[in-house]
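Taking it in order: structure first as structure tokens, then the write-up.
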Amino acid sequence: MRIVRLLAVAAAVLCGVPAGAAPAADVALVRERLKIAPVLKGEFEQTKTLKGFRNPLVSRGEFLVARGQGVWWHTQQPFETTLVVTSTRLFTRNADGSASDLADAQATPGVQQVNELVFALLAADLDALAARFTLVAQPVGAAGWTLVLTPRDASLAKFLVRATLAGERDVQTVRIEEARGDATLIRFSRQVPSAALAADEAARFR
Amino acid sequence: MSVPAASRPVRRLRWQVAAWLWLACCGVVGVHQWSFWRASHFGTDVMALLPQDEQSPEVGRATRQLADQATRQVVVMVGAPDWASAKKAAAAWEQAAMSSARDETMFTARPPFRRSAMAGDDALRDTLAFYAPYRDRLLTPAQRAQLEGAPPATLLQSALAALAQPGGGFRLADWNADPLALWPQWWLARASETRARPRDGQLALSDAGLEWVVLLEETPGSAFTMSGATPIAHALAQGRAAAIAAVPGARVLAGGVPLHAEYAASRAHLETNTIGWGSIAGVLVLAWLAFRSLWPRLLMAVSLGVGVAMALSATSWVFGEVHLLTIVFGASLVGCAEDYGLYYFASRQGAPAVAPLRMMSTLLPGLALALLTSVLGYLALGLPPFPGLRQMALFSVVGIFGTFVTTVVWFPWIDRGGPGRTRFSDWVGASFARYPRFGATRRTWIVHAALAAACGAGLVALRVNDDLRQLQGSPPALVDAQREIGRLLGVASPAQFFVVRGTSADDVLQREEALKARLDARVTNGELAGYRALSDWVPSRSRQAADAALTKRVEDGVVAGVDQVLGETQQRARFDAPALTLAAWLASPAATAGRALWIGAVPRADDGTGFASVVMLRGVRDLASLPDIARSADGLPGVRWVDQVQSVSALLGRYRRTMSLLLLAGHAAVLGVLAWRYGRRAWRAWVPTALATAGTLALLAAFGQPLQLFNVLALALLLGIGVDYGIFLLERENADAGAAWLSVVLGAASTWLSFGLLALSSTPALHAFGLTLSFGILIVWLVTPLYRPATVPPRKAP
């Protein structure tokens, strides 16, 4: 919920981004090694280090990313909560299965752009990210890679210092460093690619 | 009557002194003209022609302030079914529109547009920093309801859930300074004043399946160009063509004050030329036919030049500038002011033996009476409190007076040897004797009864329409595009708003909040998209204090709860700042967004209120619901609904009625003046104009033209001009009636031509004016000789 509100503000200050710049040549390496399946599910562990908090905030759960559909983010620990991001909606799934809208693209202009950004980060959509970030890729060993994203736009840079993605065939970690000193590390595990959504999985985005 | 004047000795010396004095006057005006044309003081703002609110000065100030905000802004929207094509079309638009400047360098050295300065990084950072100390005092209505209503446990859960969500979160404040993330939401509410949102470095919005790119442009200077060139429209057309070439089916909308102003300026340029040169050409042809000499023509041009120069000087001196519509209207003076010169030369031609000076002194009483009635007619234009009409009245009175004096004091000196007769002048003069006239016969009464019936039927059929909107002069395409941009962006309309008065700045803000509480209900049920109010940016002191107490109570609980669950030792941040004041806000960079809403100190009213602000409405779903929305102000002290369109329309109606009564009084007064000079024959000069007035109204009804203030004003002017012809004929009935008739024919023809050309104007008010007068003048011209006295001496043979 908060991420969307904050991202909305971030989007609201996105001005003057030179759009459509081509990714650097070495990004081709990441493209080669990273195999993005149409549907990917797995588990995550997120560690947030927030200014003012003595202990890092750790949460665990399962996720589902479907290209063109959205992101399903189910936190199981320390408590149950589910967030769904699609291109037009953003909602939490309540314990009883009902959905409560946090925002929809028609009523709240800008949500769509925010969703695109969240989606691009979690799904490692290189083309979408290249429009907003400078991408620098590094090979790691024979199959691994890291990709450092630096905001192209000064307004976004006021909030976000950089994001770092690392992985092999799949994205394994995403690290987000914010200008205020907060940092988030997300580790993905047990990823299972598949060609299409199962019926019950597709229902999660509705 | 003219006999004693003719036999009086002419006082040469007095005439000479007057001629030299007038030359000195012209010298002064000439010097002023030189500086006037160097820096052209022409106004194009149509709003400047509308009346100020009669009762409350703050309404006028509010209107001006809201209009000034947008005088240079051009909004262009490029739409396509998907975002990528919209961007592509917008890029093509910008490239073509910006480079069109190069084709136009002969007119403007600068490009027609520059990118509007959007709130840069620094401005945004400054604004956020300015507001940060007051974070705890600022809540949206929804947030206030949520904090008051939700149980503490629920708020704690949502704070914990937010901490667990993926990603960091682009914070605007440390967690302990905003644990419920209320702050970004408050900013989103402020940003909702327009539906446009930044996207990929551009402003964008989506609506009904179309993705739009919003381009904010600014024109570098005044839209007015003396050349009549239209660089903005040219650039827009090029941009549109390029956008559609790049993305077939792309939609391009453009709006903004400069577009309307440029259109008005180019139309005014065209019309001034049409009316001015058309009248001059017409008069030239008539003068050549009548006098077969360009000398009279040249002298009349001089008198007219003097008149127009004086009119320009006087108008710019009194009003500070000359409005373009005044010039368009003033162009019709050509036909009207010529009458004096024509009358003089026609009389000279008829009696070449009489010396110029003696002839002029003979004509002077009649000329002066004609001037007096015309001046009164033009002055009637200035009676309603419309600055535009007053300007036109002053311009015309000074112009006609200047022409008159030039004719009277200079012509006798410059004119050596009157114009010779021509076949045309003889034919016109002789035609007078053959022209039918009404005798006291039965046929006369039957004709008059039929005329009265026709006029009566016309008057019954006449419709009245005072709606200001029918005076809209911009082309429908421009108006439609403007309306659609307003709808898409959801911007506030400057035509209807609430004015809120209070005893102090804080009192104004409190009263705004009372009004907003009522408007919020209408926002909830969808009647309104929202509103713009100062108190959104600076709440009243009491509201700030209440919200600060509320956030402190709730957030202390949330922070303590989170500490307990996560084993932390956080403290809610302290907010020590005193209340945010309007004065501090106005002095800060944050005020850019809403400065125009603050009217400030206004003259103190009886209820002690001396400060005022404006609350604007956004996205009114149905204009028919406006009267209902207006009732939101009922019973709220200091809050008043202002509907510019409606109040100006009401004013137009009120003055249409007043001027109609004054028109009747004017007819009575003119008849009185005529009776004073002509005794029992006076009705012969008056009836033609009275008949023309009734006939014109009937013709307007027949053509389906609604009656409005401008028709009535034209009828007042018709009274002033129309009786001139009767006067000229009565003055010369014993001398050379043929010559007087020649001057009436020439004068009426040129006047008719001028107002006929004015009827072609695309400015609806001027069109109505010109149409009415061209009907009226034509009738007066044809009818006046019908009422001449019975005995007319035949014109002497050459």
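The values are calculated or read from the model by the stated rules, or taken from the named source; none is laboratory data. Nothing here was measured: the structure is a model prediction, and the numbers come from that model. Using ideal geometry, Cβ is built from the backbone for each residue, glycine included, and neighbour counts are taken over all protein chains shown.
Could you tell me whether region B:275-295 includes any residue that is buried (at least 20 other Cβ atoms within 10 Å of the Cβ) and free of Cβ contacts under 8 Å to residues at least 40 places away in the same chain?
No; the residues of region B:275-295 include none that is buried (at least 20 other Cβ atoms within 10 Å of the Cβ) and free of Cβ contacts under 8 Å to residues at least 40 places away in the same chain.
Only one of these is in contact with a Ser or Thr (Cβ under 9 Å, 6 or more places away or on another chain) and farther than 23 Å from residue B:497 by Cα: B:563, B:576. Name it.
So the residue among B:563, B:576 that is in contact with a Ser or Thr (Cβ under 9 Å, 6 or more places away or on another chain) and farther than 23 Å from residue B:497 by Cα is B:563.
Tally up the residues in region B:292-345 that are touching a strand residue (DSSP E or B) at 6+ places or on another chain (Cβ under 7 Å) and part of a helix (DSSP H, G or I), please.
Of the residues in region B:292-345, 4 are touching a strand residue (DSSP E or B) at 6+ places or on another chain (Cβ under 7 Å) and part of a helix (DSSP H, G or I).
Residue check: is residue B:672 under 23 Å from residue B:539 (Cα atoms) and away from chain A (no Cβ under 14 Å)?
no
Before we move on, is residue B:194 at pLDDT below 80, under 55 Å from the mean Cα position of the chain (by Cα) and among the β-branched types (Val, Ile, Thr)?
yes
Please state which one of A:102, A:117, A:121 is modelled with pLDDT under 80, touching a helix residue (DSSP H, G or I) at 6+ places or on another chain (Cβ under 8 Å) and at the interface with chain B (Cβ under 9 Å from one of its Cβ atoms).
None of the other options fit; the residue is A:121.
Only one of these is polar (S, T, N, Q) and surrounded by 13 or more Cβ atoms within 10 Å (Cβ to Cβ): B:441, B:422. Name it.
Answer to the selection: B:422.
Matching residues to (1) of a type in the set (Ser, Thr, Tyr); (2) under 19 Å from residue B:189 (Cα atoms); (3) more than 14 Å from chain A (Cβ to nearest Cβ):
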| residue | (1), (2), (3) |
| --- | --- |
| B:521 | no, yes, yes |
| B:537 | no, yes, yes |
| B:559 | no, no, no |
| B:586 | no, no, yes |
| B:595 | no, yes, yes |
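For region A:2-43, give me the residue count where each residue is touching a Gly at 6+ places or on another chain (Cβ under 6 Å) and modelled with pLDDT of 50 or more.
0
Considering only residues of region A:143-161 that are within 11 Å of residue A:132 (Cα to Cα) and modelled with pLDDT of 85 or more, which is farthest from the other protein chains (Cβ to nearest Cβ)?
Here the residue is A:150.
What's the number of the condition residue B:473 fails, among (1) within 25 Å of residue B:138 (Cα to Cα); (2) of a type in the set (Gly, Ala, Ser); (3) surrounded by 19 or more Cβ atoms within 10 Å (Cβ to Cβ)?
All conditions pass for residue B:473, except number (1).
May I ask you to list the residues in region A:178-202 that are touching a Gly at 6+ places or on another chain (Cβ under 8 Å) and either closer than 21 Å to residue A:141 by Cα or surrounded by fewer than 18 Cβ atoms within 10 Å (Cβ to Cβ) (or both)?
A:183, A:188, A:189, A:190, A:191, A:192
Assuming residue A:183 fulfils every condition listed in (1) facing chain B (nearest Cβ under 9 Å); (2) free of Cβ contacts under 8 Å to residues at least 60 places away in the same chain apart from one, which condition is it?
If we test residue A:183 against (1) facing chain B (nearest Cβ under 9 Å); (2) free of Cβ contacts under 8 Å to residues at least 60 places away in the same chain, just (2) comes out false.
Is it fair to say residue B:625 is of a type in the set (Ser, Thr, Tyr) and crowded, with 19+ Cβ neighbours inside 10 Å?
No: the conditions fail for residue B:625.
Output the number of residues of region B:355-391 satisfying the condition of being outside any helix (DSSP H, G or I) and either among the aromatic types (Phe, Trp, Tyr) or modelled with pLDDT of 80 or more (or both).
Total meeting the criteria: 3.
Quick check on my filter: what residues within region B:616-656 are of a type in the set (A, V, I, L, M), in contact with a Lys or Arg (Cβ under 7 Å, 6 or more places away or on another chain) and closer than 27 Å to residue B:505 by Cα?
Matches in region B:616-656: B:616, B:629, B:633, B:636, B:639.
Among the residues of region A:147-182, count how many are touching a strand residue (DSSP E or B) at 6+ places or on another chain (Cβ under 8 Å) and closer than 20 Å to residue A:44 by Cα.
Matching residues across region A:147-182 total 16.
Any residue in region B:137-152 that's in contact (Cβ under 8 Å) with a residue 40 or more places away in the chain: show its pairings with residues that are assigned to a helix (DSSP H, G or I) and β-branched (Val, Ile, Thr) at Cβ separation under 6 Å, as long as the two are six or more apart or on different chains.
B:147/B:554
In region B:211-220, which residue that is surrounded by fewer than 23 Cβ atoms within 10 Å (Cβ to Cβ) and either more than 25 Å from residue B:617 (Cα to Cα) or within 11 Å of chain A (Cβ to nearest Cβ) (or both) is modelled with the highest pLDDT?
Looking at the filtered set, the residue picked out is B:211.
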